[in-house]
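The values are calculated or read from the model by the stated rules, or taken from the named source; none is laboratory data. Bear in mind the structure is a predicted one, so any value in this text is a computation, not a measurement. Every residue, glycine among them, receives a Cβ derived from its backbone with ideal geometry; neighbour counts consider all protein chains shown. In case anyone asks, the SASA skips ligands and DNA or RNA and just uses the protein heavy atoms, side chains included. Shrake-Rupley method; radii C 1.70, N 1.55, O 1.52, S 1.80 Å.
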Amino acid sequence: MARPDIAVLPDSTPQALRDAVEEGGGNVVAVADAEALVWVDPAAPQDLRAVLDDHPRIGWVQLPYAGIEPFLDVLDADRTWTCGKGVYAEPVAEHVLALALGGMRGVGRYARARSWSGPYGTNLLDGRVTILGGGAITTSLVRLLQPFGAHITVVRRHPEPMEGVAEVVGSDRLHDALRGRDLVVLALALTPETRGVIDAAALDAMADHAWLVNVARGGHVVTDDLVAALREGRIGGAALDVTDPEPLPDGHPLWTLPNAIVTPHVGNTPEMGRTLLAARIRENVRRYAEGRDLLGPVDVTLGY
Ligand code: GLV
């Protein structure tokens with residue numbers, strides 16, 4: 001079987017990711033000689049567009065992240081596109097647990113306190129949890145939540161039964177699925193339909209003790225509506241690994257509200273992610289060489 005010629009850009013890409021191409025059965029070549037491209041920069045879409053315009057022979061592009069919103073204008077139907085969908089699900093699901101427990105058990109507010117304070121906390125044990133999104137993070141999270149005995153609802157575009165999930169409902173039932181829950185987790189792709197799904201009306205549907213955890217994209221939440229809900233105590237709190245704007249500017253109220261926790265988009269750190277991305281690249285190069293379906297295909301029409 002011929003070894004496919006694959007370029008890896010940018011030049012600063014860690015050696016482990018270049019090695020992954022070779023280990024998967026490809027040759028790492030200069031972009032002028034490549035039929036496929038592994039693009040490791042999660043941003044810089046204009047640079048990618050320029051490379052593709054100069055090298056129309058490139059027929060497959062592997063992107064590094066699960067979320068590909070910066071690249072929406074670069075996608076084209078002439079090529080095969082794959083992304084990091086599913087690659088980082090396990091560390092991100094673990095981060096959801098850290099944020100959920102940190103918020104619900106008051107660790108965030110106690111960590112900020114400078115004196116002994118009164119009791120705060122709600123249980124995740126036996127909790128009612130709603131997760132938006134039915135992808136790989138949700139699958140991992142559902143597994144991690146089983147020992148907590150959580151009653152889980154998933155809201156997704158195409159409702160179909162999921163193992164370990166009590167009910168799966170369509171996005172048209174979002175507000176029903178938010179009511180009375182102890183924890184609401186955002187783990188869905190950012191698209192024009194899902195931008196701003198957590199607005200004032202959604203926050204009002206949530207219980208006043210409920211915590212919101214966002215490990216998806218800041219744009220899913222209307223930040224000003226969230227800040228108002230947190231200030232007025234209309235929800236229990238919010239633990240955000242992603243924000244809008246991102247990075248969250250110094251002095252933003254979310255940094256200091258006692259019922260907010262912000263982590264700087266570290267659900268998957270570069271160190272955690274590198275080995276996982278290398279494994280995906282190795283597997284996809286192998287599949288490409290064998291003419292099989294690739295993992296993490298991007299639907300160019302849906303944009304994720
Ligand atoms: C990280 O944010 C990703 O989309 O993979």
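Numbers below:
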| read-out | value |
| --- | --- |
| Sites matching trypsin sites (Lys or Arg not before Pro) across region 68-165 that sit in DSSP coil, with at most 13 neighbouring C-beta atoms within 10 Å | Arg114 |
| Alpha-carbon centroids, region 139-205 and region 100-131: separation in whole Å | 21 |
| Accessible surface, 1.4 Å probe, highest first, among residues His95, His158, His209, His220 | His158, His209, His95, His220 |
| Residue-normalised accessible area of the chain, given per residue in Å² at a 1.4 Å probe | 46 |
| Nearest-ten-degree value, helix 270-289 long axis tilted from longest Cα axis of the chain | 40 |
| Accessible carbon and sulfur surface of the chain relative to its total accessible area, %, 1.4 Å | 53 |
| Extension gain, Thr263 back to Arg143 (0.36 nm per residue minus Cα-Cα distance, nm) | 40.9 nm |
| Convex hull per residue volume in Å³, alpha carbons only, for the chain | 141 |
| Length released on extending from Glu160 to Arg114, taking residue separation times 0.36 nm less the Cα-Cα span | 11.8 nm |
| Computed Kirkwood radius, in angstrom, where 1/r is averaged over Cα pairs of region 217-304 | 16.0 |
| Segment Ser171-Arg287, length gained on full extension (0.36 nm per residue, minus Cα span) | 38.4 nm |
